[in-house]
Structure formats: structure tokens, C-alpha cells
1. For q values of 0.14 Å⁻¹, compute log₁₀ I(q)/I(0) with the Debye formula on a Cα-only model of region 191-263, without solvent.
2. Based on C-alpha coordinates, I'd like the Rg and Dmax of region 104-233, in Å.
3. Can you work out the Karplus-derived ³J(HN,Hα) for every residue in region 212-228? Use 6.51 cos²θ - 1.76 cosθ + 1.60 with θ = phi - 60°, whole Hz, and x for glycine or proline.
4. Once the piece of chain linking residue 189 and residue 247 is laid out straight, how much longer is it, given 0.36 nm per residue of separation minus the C-alpha distance between them?
Amino acid sequence: MKPFNQFVQGVIEDLPSWPRHIDAVDLADTANVRSLWRRRSSFTGTCEKSGRASPMGFWLTERPAPTEPTTSRLVMELLYPDAEADPSEIKATEPVGRSPRPSQTIRIKGNKPNEGDLTLTVSPERVRVAGTPAMWDTQAEPVLLAVCQYWRFLAIDAELDRLTELAERDVGHAAMAVPDTLLERQRLLTTARAVRTLLLDLPHFMGPLTDPHAYCTSDRSVQTYRMLAEKLHLEAWAEAIDERAEMVEDTYACVTEKLCEYRNFAWGAFLEITIIVILLVEVAFSVLTYINT
């Protein structure tokens, strides 16, 4: 089975109790875990909590509910059908990305009488899933994939906000290199490296939109994921992310180019000045020698 499907099977088997919560911790800034989404391989790193990793770069931990408040910023609540809530009850506690995205409610219809329906109420910080355990067992795969991708896009938007703000401040370095450009060389290169890292990750995080079969084990899961992706506007969101990332990339491509040019110019000027100084010293020494003789 694929790593993600192994994760889903673990979610279904580990905690048969109902209701329960799934906490998500972002691994994107953790060292040595990028193979999780870049190679779609099993997670080989370590984490303080028990749980499993998703291909969208989150460490997911299941716990019974009710329980003590979680420290995780992203939470999925799995509830009985009669616990379905008004979408207005689930609100973003703080802005995520450029602006808070509105709560959305999506209903997934069951194929069998004993399954019932599954209702998702999705917001930037919390997702509420109301339905029967039987329905969850059949829909956990596409739901977890779509929700984690939704949360990943939020994190990417927030990172692009940060990089865009830096790009606006550094646009002068992209237009014309100045002495301050060399003084800020390390910071500029660090930011440019962060941009390149993000660009390398984007195709992997957007992969399910073009090839959901690589992440789902059945046609039903694929159909459910595509429906969720359409309802959550993930494809249009991905296009907007691509456009924003391209603008930031162009800025720092110019910055690194100007930085390289100015560094070469500075080194050339330094060598020329050094040669002139050496020649002047030799001339002065020759003159002093002539005078003394």
C-alpha cells in the first residue's frame, strides 16, 4: 500500500472509539522530512508525539474526545451525525495567509443505507466531520487528503505573504546593486534559498490536483477527493499560489544576479586598486633608493 493509505488505515484502526480528534502539526520546517512529500516515501524522522505523517507535510495524531485542550493549531473533530453544527460556530481565531477564508460546509452522500452522510465544516483552524464511523471508514482517505491540502495551501499563502513583504523591501537590490547589497548578502541569499525551496515543494503539494490516483486506492476515493477539491476551490487557489510564487521568484532571481555582478565588480575593483597600490609602493621605493644613492 502507498504510505498515505497506510496512514489512513492506521487512523481507522488505532482508535475505534467515537467521537475523537485528529491534531495536525506542520512538519514543513522540520529537518530531514522533505522525502515524505518529494519522494512519497515513508516518514523516517522522529517526532515528539506518536502518530503518522501525511503526504501534505503534517504530523497527524489521533486522540479520544472529549479530552484536555490540545496545543495543536489545526484540529479535526470527528463527531456523530447528531453533533452537526452551524458553520458559523467554527471561526478562524486569527488571520491565516492574506485573509481568513470563510467556513464551508460540504456533504458527502453515502452509497449504502447504513453509511448515512458525512458532513464537513471546514475553516482555517478547525474541521468538523459529522457522520457515522462506517461512513468515515470509507471516506477517511479523500477527506484527510483534501483537508491537509487545504491546510497546506494556507501555510503556503502565509509563507508567500512573508516572502512578498521581503521582496517589496528588496526590490531596490533587484533593480540596481549598491554597497548595501553586499552588506546584506547573507540575508538576501537566505531569502532566495527559501524561495527556491518553496518552489521545489509546490509541485508535490499540488500533485493530487493533477493525479489523485497516486494518493487514493479506489475510484470512489478519487471521486470524493475531486468533489472536495472543487468545493474548496483548491485548483483556483493553486493557480493563485503559482502566480504569487512566480513574482517572488523573479524578484530574487534578479537580486542574486545583481549580487553576483556587483560582487565580481567589487573584487575586480579591489584587485585593480591593490595592483595600483603595489605599483605606487614600488615607485616610491625606487625613488627613495635613487635619492639615497
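Nothing in this text is a laboratory measurement; each read-out follows from the coordinates by a stated rule. Keep in mind the model is a prediction, meaning the values are calculated, not measured.
1. Those come out to -0.57, one per q.
2. My reading of the Cα-based Rg and Dmax gives 20.7, 72 Å.
3. x, 4, 6, 10, 10, 9, 9, 5, 5, 4, 4, 5, 5, 4, 4, 5, 5
4. Working: separation 58, 0.36 × 58 = 20.88 nm, distance 1.69 nm.
Contour length minus the Cα-Cα distance gives 19.2 nm.
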